Amino acid sequence: LLSAGKRRTQGLAWSTDGGASFHKYSGNPVVEWLEAGNRDPKVVWVEELERYVMALYLAGDRYRLLTSGDLLNWVSLQELSLPGDNECPDIYPLTLDGKRHWVLSGARDIYLVGRFEADGFHVESGPRRLCHSEVSYAAQSFSGLPDGRIVRIAWNRLHIPSPRFSQQMGFPVEMHLERQDGEYLLAAQPIREIETLWEGCESLSQISLSQPLSLNTGLQALDLSLKMPVRPGARLTLRLFGCELKLNPEQNELTCGTVRMPLQLRPEAQQIGQSGQPQHKQAQNELELRILVDCATVELFADGGKLCATVSALWDPNLPRVELIPQGEPYIESLSCRILRDTLPPVPTPSAGELR
């Protein structure tokens, strides 16, 4: 209420006790109002410039980069556009083949890959889309991890019927770059620490499916990895505790409810056009898919993580299994279905009085 009717500005605060309390800089704001609802600053140190860089959302699909040597005095560097995106910029470095590149992304995971030089950010690839659903939103990366990895977490916008909370954070993912057909492509994969949660595994390999098949995993969180070649007319439906993922490798498409995404990326066909939507060519020879399943979401990572999506899907307690439903006899090169142990204590069942 204190800020009602006021223009948004950027201020500085710091903590000396690990975030338990903060001290506001007496000279705030350090960046005055620029236009519209300018907000969501992300600040990183850029060695190439020997300065801090702030990525700031302006309006529409436009973002501004500002620089500072002391976090107090900021000057504008340039403006960039992420067609079809807005809000919540993230900016971080990734190294590929010994060369350092930078990624700038928006809340809807449309991204640019480029490099910093004295006169600003030079785009090398993009804009492209990483996430193909509206559930996953506003992912942000951590800076300064001791092993140098870039790990980020997204906000999953969904309703969870629980007396304790609604909505959730996505599983942490590690970001990396790949180079394909002369383009730099961003990819995400669940962090390797997920292996510490593995408790058991159901697996299949080198089989042609002509009849439905069930894996009785029980109603537990899962980490699935699937490899299958593209065969004419062969399709596969994965039913995960009642949530149906329909895979059509020949048409390079995965659908689940209202979510529709490619299974493999053809970089020359993935450039974002005026409509903000990519166009996709025919799939390649083999499909790779990673799937994380929990009680409220299914998180998808296709083509080595170059294509991602999060689906809102509540478990059906009457269907405690994974089902494979074939069409046209798809061939399964490998399928591993790892059970993930729970990291939280059981949620107590509220009494009737507490519900009232």
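The values are calculated or read from the model by the stated rules, or taken from the named source; none is laboratory data. If you're wondering where the values come from, they're calculated on a predicted model, not measured in any experiment. Every residue, glycine as well, gets a Cβ built from its backbone with ideal geometry; the counts of neighbours run over all protein chains shown. For the accessible areas, the whole protein counts, side chains as well, though only heavy atoms, and no ligand, DNA or RNA atoms are used. Shrake-Rupley method; radii C 1.70, N 1.55, O 1.52, S 1.80 Å.
Is at least one residue of segment 335-356 out of contact with any Phe, Trp or Tyr (no Cβ under 8 Å at 6 or more places or on another chain), open to solvent by less than 50 Å² (accessible area, probe 1.4 Å) and modelled with pLDDT under 90?
Among the residues of segment 335-356, at least one is out of contact with any Phe, Trp or Tyr (no Cβ under 8 Å at 6 or more places or on another chain), open to solvent by less than 50 Å² (accessible area, probe 1.4 Å) and modelled with pLDDT under 90, which makes the answer yes.
Looking at segment 289-302, which of its residues are touching a strand residue (DSSP E or B) at 6+ places or on another chain (Cβ under 9 Å) and modelled with pLDDT under 95?
Within segment 289-302, D294, A296, T297 qualify.
What residue, among those in segment 220-245 that are over 19 Å from E195 (Cα atoms), not aromatic (F, W, Y) and not in a strand (DSSP E or B), is nearest to the chain's Cα centre (by Cα)?
G242
Provide a single number: the residues in segment 109-125 that are touching a residue at least 60 places away in the same chain (Cβ under 8 Å) and under 20 Å from Q189 (Cα atoms).
Of the residues in segment 109-125, 4 are touching a residue at least 60 places away in the same chain (Cβ under 8 Å) and under 20 Å from Q189 (Cα atoms).
For segment 82-91, state whether one or more residues are within 30 Å of S133 (Cβ to Cβ), not hydroxyl-bearing (S, T, Y) and not in a loop (DSSP other than H, G, I, E, B).
Yes.
So which residues in segment 216-240 are open to solvent by less than 40 Å² (accessible area, probe 1.4 Å), in contact with a Pro (Cβ under 9 Å, 6 or more places away or on another chain) and under 14 Å from I325 (Cβ atoms), if there are any at all?
M228, A234, L236, T237, listed by residue number.
Pull out all pairs, ordered by first then second residue, where Cβ-Cβ is under 7 Å, the residues are six or more apart or on different chains, the first lies in segment 137-163 and is modelled with pLDDT under 90, and the second is surrounded by fewer than 17 Cβ atoms within 10 Å (Cβ to Cβ) and among the hydroxyl-bearing types (S, T, Y).
Between residues of segment 137-163 that are modelled with pLDDT under 90 and residues that are surrounded by fewer than 17 Cβ atoms within 10 Å (Cβ to Cβ) and among the hydroxyl-bearing types (S, T, Y), the close pairs are H159/S166; I160/S166.
Answer yes or no as to whether G328 is small (G, A, S), farther than 29 Å from E178 by Cβ and either surrounded by 11 or more Cβ atoms within 10 Å (Cβ to Cβ) or modelled with pLDDT of 90 or more (or both).
Numbers: small (G, A, S): yes; farther than 29 Å from E178 by Cβ: yes; either surrounded by 11 or more Cβ atoms within 10 Å (Cβ to Cβ) or modelled with pLDDT of 90 or more (or both): yes.
When the stated conditions are applied, G328 passes them.
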